[in-house]
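Everything below concerns the one structure shown next.
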């Protein structure tokens with residue numbers, strides 16, 4: 001089974017200090033812990049579950065992130081403007097409430113049952129360490145300006161997806177019948193996000209007729 005997660009501080013090597021009589025040097029002996037097949041199976045199962053959960057969050061933001069976008073220039077509501085919005089108080093469309101709650105609190109104001117948590121804990125990952133990387137294959141390569149990244153931390157993904165789909169400009173591509181056109185548009189939208197979550201200027205604008213996209 002391919003490795004789905006990697007961790008820079010994975011506890012693989014332990015150590016034993018053997019003490020001898022006074023005047024004799026202390027010898028440090030490196031040892032490896034016993035890892036059973038059951039341990040490997042359990043870790044693999046947890047890693048797979050975490051990756052699948054991250055997949056679901058990524059797809060939810062891509063498909064419904066526009067409901068949590070800040071499209072009202074006066075800041076009265078999130079998501080698409082509807083008839084009568086002039087009298088609205090600040091609102092969040094029902095279809096985007098969960099995404100808005102996640103991304104509005106990210107990265108430093110996420111809470112579960114009154115306790116402050118990081119994004120990995122908020123999503124219920126088995127290993128919520130901020131530095132842990134997950135293998136997402138081609139699913140998120142379009143978020144990398146070079147189009148090559150396959151390993152991501154959850155914080156990297158949330159920063160980039162929020163910038164693309166939940167800012168003052170958004171898009172919803174799930175209705176497109178052509179996989180090729182959908183992938184092309186996704187690369188154009190997602191490929192210009194900087195590491196800090198800003199959107200890099202390309203110096204060009206792309207105009208496409210609606211008929212070409214259907």
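The values are calculated or read from the model by the stated rules, or taken from the named source; none is laboratory data. Keep in mind that this is a model prediction, so the values were computed, not measured. Reconstructed Cβ throughout: ideal geometry from the backbone, glycine too, with neighbour counts over all protein chains shown.
Side notes on the structure shown:
- Hits in the stretch 148-158 (condition: within 17 Å of residue 191 (Cβ to Cβ) and touching a strand residue (DSSP E or B) at 6+ places or on another chain (Cβ under 8 Å)): 150, 152
- From the list 64, 59, 46, the one residue that fits, being assigned to a helix (DSSP H, G or I), farther than 30 Å from residue 77 by Cα, modelled with pLDDT of 60 or more and under 25 Å from the mean Cα position of the chain (by Cα), is 46.
- Among (1) within 16 Å of the chain's Cα centre (by Cα); (2) at pLDDT 85 or above; (3) on the phi < 0 side of the Ramachandran plot - the single one residue 137 does not satisfy: (3)
- Qualifying residue in the stretch 153-163 (condition: within 20 Å of residue 103 (Cα to Cα) and more than 17 Å from the chain's Cα centre (by Cα)): no
- Breaking point among (1) in a loop (DSSP other than H, G, I, E, B); (2) buried (at least 16 other Cβ atoms within 10 Å of the Cβ); (3) under 13 Å from the mean Cα position of the chain (by Cα), for residue 170: (3)
- Within the stretch 119-157, the set of residues being in a loop (DSSP other than H, G, I, E, B), under 17 Å from residue 48 (Cα atoms) and out of contact with any helix residue (DSSP H, G or I) (no Cβ under 8 Å at 6 or more places or on another chain) comprises 137, 138, 153.
- Residue 41 vs. criteria farther than 22 Å from residue 139 by Cα, at pLDDT below 85 and assigned to a helix (DSSP H, G or I): yes
- Filter pass, residue 214 being surrounded by fewer than 18 Cβ atoms within 10 Å (Cβ to Cβ), out of contact with any strand residue (DSSP E or B) (no Cβ under 7 Å at 6 or more places or on another chain) and modelled with pLDDT under 95: yes
- Here is the figure for the stretch 176-204: residues that are over 16 Å from the mean Cα position of the chain (by Cα), modelled with pLDDT under 80 and under 22 Å from residue 154 (Cα atoms) total 3.
- Matching option when the condition is over 17 Å from residue 59 (Cα atoms) and at pLDDT 85 or above, among 148, 76, 162: 148
- Any hit, the stretch 82-103, residues being modelled with pLDDT of 90 or more and exposed (fewer than 13 other Cβ atoms within 10 Å of the Cβ): no
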